[in-house]
Amino acid sequence: MRLMAPGDDAIPLRWAWAEIDVAAIVHNVEHLRRTVAPARVWAVVKADGYGHGAITVARAALRAGAEGLCVALVQEGIELRSAGLDAPILVLSEQPPEQVPAMLAHRLTPIVYTDAYIGACGAAADPDAPVDVHLKLDTGMQRVGAAPDDAVRLARSIDTAAGLRLAGVSTHLAVADEPARTVSNEQLATFDAALAAVEAARGPVPVVHTANSAGALAWPAARRSFARVGIATYGISPGPGVDDLAAPLRPVLTLKARVSYVKRVRAGTYVSYGWRHRFDRDTVVATVPLGYADGVPRRLGTLPDRPGADVLIGGRRCPIVGVVTMDQFVVDVGDGGVEVGDEVVLIGAQAAERIRAEDWAERLGTIGYEVVCGISPRVPRVAVVDRGHGST
Ligand SMILES: *Cc1c(COP(=O)(O)O)cnc(C)c1O
């Protein structure tokens, strides 16, 4: 007996899964390419493709014309190489220096910003086959990156290291999702001054990149050689301030389950741990076999002063009642008509209704990124190649 994700002939792995709409990834990358042209798009597929499955996303993004990929970890890059992906892969921050030989062996491009790491890359590189590195400057994010004042010195030290080639210079915007604020212009001005100094000192740098998704959508001056596009690839808005610019994107992930149990409950009874929800009328409830171990936050059903978040069943919105438990939660389905095995949509569309990752984010006081990255590996991902037909 083989347990498999839905769509396969075998027995389903569980009554819960995430569908990844490959056509939506292609649509989003094509839209982003048109938006940033003549700049290019590199797809950011760190954190297992923001919870969507890095290999599925990387393949679709490259097919749609993305020219490179970005990851956070060396291991993430190695997994892409092991899947046969040959595109350029940028590792977005310095990693444990012990990993540098493996990084170079898998043709992953390091981002560098310290003498120690430039030294480690130089030591691992083959002087006869120079390795491209990108220098990162911190222009205001205050997370990683060299001080702009250090840019010329570090560029020279890359230039003089046998086996290294300065292929790119980059920075990262901190407030690009708020187009009304001027921070991004200030960051870009700081960056341009440092870049001009580097180019005056040692000649032109082949590639420059500064934009994340919000930068790509809202800041034409940030697009440069390519944009490092993460969240927009997945059809999720980087933030409310750029919702209008993100509107042409299509959400890629749908989180689904099947009703696992249905029962009648009486007015005056309670549900779930802590008895935090009291039924004020007789009703019917359905159990959904997903919980916080799957990335459905415990408090989604019990935030103060409002009904629980809705799920979609039979094209209708049904509120979560009581706290979400580790593996299951309960929804009020009113006068019923709901049966065991019915499809439940937690994030995504059903009939005329849609619930977006951004809706959960707004309710939970976070961002869509955290919602999709939080969907745990316990939830099978099913790549839907042609909605309503085959799947892989
Ligand atoms: C994660 C990341 C990105 C992608 O950001 P999005 O907002 O998801 O587009 C781009 N650049 C760097 C350095 C990152 O860490």
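Every number in this text was worked out from the coordinates using simple rules, so none of it is lab data. What you see is a predicted model; the values in this text were computed from it and never measured. Cβ atoms come from the backbone with ideal geometry, glycine included; neighbour counts cover every protein chain shown.
So here's what we get for this one:
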| item | result |
| --- | --- |
| Cα pair count fraction exceeding 21 Å, expressed as % - segment 66-145 | 25 |
| For segment 354-369, 3J(HN,Hα) per residue [Karplus equation, 6.51 cos²θ - 1.76 cosθ + 1.60, θ = phi - 60°, Hz, x = Gly/Pro] | 9, 10, 9, 4, 5, 5, 4, 4, 4, 5, 8, x, 9, 10, x, 3 |
| Rough spin-label spacing in nm, given labels placed 7 Å along Cα→Cβ, for Gln75 and Arg354 | 3.5 |
| On Cα atoms only, tilt of 183-202 relative to the major axis of the chain in degrees | 30 |
| Rounded Å value of the spacing that divides the Cα centres of segment 357-382 and segment 13-35 | 15 |
| Simple spin-label estimate for Asp132 and Arg156 in nanometres, 7 Å along Cα-Cβ | 2.6 |
| Max mean-square fluctuation residue, GNM over the chain, Cα-Cα springs under 10 Å, options Leu13, Leu173, Leu108 | Leu13 |
| FRET efficiency, 1/(1 + (r/R0)^6) with R0 51 Å, evaluated for Asn185 and Glu339 via beta carbons | 0.35 |
| Debye intensity ratio in log₁₀ form over the Cα atoms of the chain, taken at each q of 0.13, 0.15 Å⁻¹ | -1.05, -1.26 |
| Computed over segment 22-246: relative contact order in percent, which uses C-alpha pairs under 8 Å that are six or more apart | 20 |
| Of Ala129, Ala24, Ala58, the one that fluctuates the most in a GNM where the chain has Cα springs shorter than 10 Å | Ala129 |
| Within segment 280-321: Cβ-based charge dipole about Cα centre, in debye rounded to nearest 20 (Lys, Arg +1; Asp, Glu -1) | 80 |
| Over 29 Å [Cα-Cα, segment 14-166], rounded percent | 24 |
| Contact order relative to length of segment 166-279, as percent, for alpha carbon pairs under 8 angstrom and 6 or more apart | 21 |
| Choice from Pro206, Pro148, Pro319 showing the highest fluctuation, given a GNM over the chain with Cα pairs closer than 10 Å | Pro206 |
| Descending semi-axes in Å of segment 22-111, equivalent ellipsoid built from Cα gyration tensor | 23, 13, 10 |
| Cβ-based exposure ranking for His52, His27, in which fewest neighbours within 10 Å come first | His27, His52 |
| P(r) weight above 13 Å for segment 113-175, C-alpha pairs, percent | 59 |
| Part-to-part distance (alpha-carbon centres) for segment 232-250 and segment 300-329, which is given in Å | 25 |
| Cleavage-rule hits (GluC sites (Glu not before Pro)) in segment 319-375: DSSP loop, at most 14 neighbouring Cβ within 10 angstrom | Glu339 |
| At 1.002 mPa s and 20 °C, Stokes diffusion of segment 167-323 via Kirkwood alpha-carbon radius, µm² per second | 109 |
| q = 0.11 Å⁻¹, segment 110-247: log10 I(q)/I(0) [Debye, one scatterer per Cα] | -0.42 |
| Backbone N within segment 351-379 under 18 Å of label point (7 Å from Leu303 Cα along the Cβ vector) | 354-375 |
| Radius ratio Rg over Rh of segment 253-355, counting only Cα atoms, Kirkwood formula for Rh | 0.93 |
